[in-house]
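Read-outs throughout are calculated quantities, based only on the coordinates presented, and are distinct from any laboratory measurement. Bear in mind the structure is a predicted one, so any value in this text is a computation, not a measurement. Glycine also receives a Cβ, built like all others from the backbone with ideal geometry; neighbour counts cover every protein chain displayed.
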Amino acid sequence: MLTLRLFPPATLVFSFALALVPAAAMAGDDGIPVDREKYAGRQTEADFTASDCPDNPRSLQQVKDNLYRHTTGAGLAVHSGLVLITKEGALVIDPAMTCTSTWLRDEIRRRFNVPVKYVVLSHAHFDHAAGAQVFQQDGAIVVANQRALEPIIGENLPTALPDRVFDKQMTITLGGETVELHRIAPSHSDSMTMVLFPRHHALQCTDVCESKSMPYNDLLDFYYPGWIETLDWVLAQDVDIIDIGHYSPGTKQDIAAERAYMVDLHQQVLDLTRQGMSWDHLYRNVKFSPDIKNWIGYDTMKTLNILGMYRWVSNHRRGVW
Ligand SMILES: [Zn+2]
C-alpha cells in the first residue's frame with residue numbers, strides 16, 4: 001500500500017532512527033536499579049577524606065589507548081583505579097578519597113571534555129569507595145555488587161549508595177566500549193568485583209591481587225577459598241595489565257606468585273596448628289622464600305599475614321573434639 005510506504009508507522013520510524021544512532025551514543029548497562037529514595041537522609045559517619053588536601057599527590061596517567069589509571073596518596077598509602085575515557089563519558093573505578101575526587105572530576109573534564117558517566121566500586125571498603133558521592137551528585141551512575149549495599153548502609157559509610165547493583169555479572173556499554181563486572185567469590189570482603197576491559201586486556205582486581213607486594217595487614221575481611229578461586233579466575237583471563245588498587249599494576253606472573261604464597265602460607269599455618277603449636281611459637285616458625293622477602297611491605301605485613309591466616313585456620317579446623 002502506497003500510503004504506508006510513504007508514511008510508515010511510528011514504530012518503524014522509531015527503529016530506523018535508532019539504527020542511525022552511532023554505537024557511541026548507546027550507553028547502558030544491565031544492572032538492577034536500587035531504590036535510593038528508601039535510604040534518603042540516612043545517617044553517615046564523618047568523612048575523614050573530605051578535608052582539603054591540595055598537597056596530596058594525585059595523578060591520572062595513560063595505561064593503554066583510552067584506558068587510564070588514577071592514583072591518590074603518597075608512597076605505600078597510594079590508592080588507584082582504572083579510568084576509561086570515551087567520547088560519551090568516562091568510567092571511574094574507586095575514587096578512593098573525597099578530597100581528590102573533585103580534582104579527578106575536574107581533570108577528566110579539563111583534559112577530555114567529558115563527564116563521568118559511571119563509577120564502579122570494587123568493594124564496600126571505605127578507603128576505596130570514598131568520593132563516589134562527588135560523581136553521583138554530578139550525575140554519574142554508581143555501580144557495585146549487591147552485597148556492597150548492606151555494609152555501606154549498615155556501617156553508615158559516607159559514600160554514594162549505589163544506583164545499580166548486580167549478583168554475578170553485569171555489562172556496561174559506554175562510547176562503543178564494553179566493560180564487564182564479575183563477582184567470583186568472597187575473597188577480600190564478600191562484595192568484591194572484578195572489572196574486566198576485554199579490548200584492553202586489562203583488569204581491576206583491587207586488594208585481592210598483588211604485584212610483588214604483601215596482602216594487606218591481617219588479611220582483614222578475609223575468605224581463604226574464595227581468594228584462591230578469585231586468583232584462579234584472574235589467571236584464566238586474557239589480561240596483561242592488572243591494577244591492584246595500590247602500589248603499581250601487576251601481571252599474571254605476579255598473580256601466580258601471590259597464589260603460591262597464599263597456598264604455602266595456609267599450608268604452613270595449618271601444619272603448625274595441627275602440631276599443637278601455640279601462637280607465640282607458631283608465628284616464629286613460618287618460613288618465607290627469598291623472593292617474598294623482597295615484596296613491598298614484607299617487614300610490616302609478614303606477622304600480620306600469619307595472624308590473618310591463623311585466625312582463618314583456627315576457625316575452620318576440627319579435630320576429634
Ligand atoms: Zn579493601
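Which loop trypsin sites (Lys or Arg not before Pro) in segment 66-168, with loop taken from DSSP, have no more than 15 other Cβ atoms within 10 angstrom of their Cβ?
In loop regions of segment 66-168 (DSSP not H, G, I, E or B), the sparsely surrounded trypsin sites (Lys or Arg not before Pro) are Lys87, Lys168.
Nearest 10 degrees, 0 to 90: what angle lies between the long axis of helix 224-235 and the longest principal axis of the chain (Cα atoms)?
50
Give me the aspartates and glutamates in straight-line cross-link reach of Lys212: C-alpha distance below 19 Å, same-chain residues under 8 apart excluded.
Here the aspartates and glutamates satisfying the reach criterion relative to Lys212 are Asp232, Asp240, Asp243, Asp254, Glu258, Asp264, Asp291, Asp299.
Mind ranking 153-161, 57-65 by how tightly packed they are, going by the mean number of other C-beta atoms within 10 angstrom, highest first?
153-161, 57-65
Could you work out how far the C-alpha centroid of segment 245-262 sits from that of segment 281-299, in angstrom?
The two parts, judged by their Cα centres, are 16 Å apart.
May I ask for the net charge around Arg147, where only other residues with Cβ less than 9 Å from the Cβ of Arg147 are counted and Lys, Arg are +1 while Asp, Glu are -1?
Around Arg147, the charge tally is -2.
Taking the Cα centre of the chain as origin, work out the dipole magnitude from +1 charges on Lys and Arg Cβ and -1 charges on Asp and Glu Cβ, in debye rounded to 20.
360
Distance between Cα centroids, segment 107-145 to segment 59-105: provide it in whole Å.
9
Helix 10-20 versus the longest principal axis of the chain: what angle, 0 to 90°, nearest 10, using Cα atoms?
60
What lysines does Lys117 reach when the alpha-carbon gap must be under 29 Å and sequence neighbours fewer than 8 apart in one chain are set aside?
Partners within reach: Lys38, Lys64, Lys87, Lys168.
Compute the relative contact order of the chain as a whole-number percentage, counting only Cα pairs closer than 8 Å that sit 6 or more residues apart in sequence.
Details: 608 pairs, mean separation 46.7, N = 321.
Relative CO of the chain lands at 15 percent.
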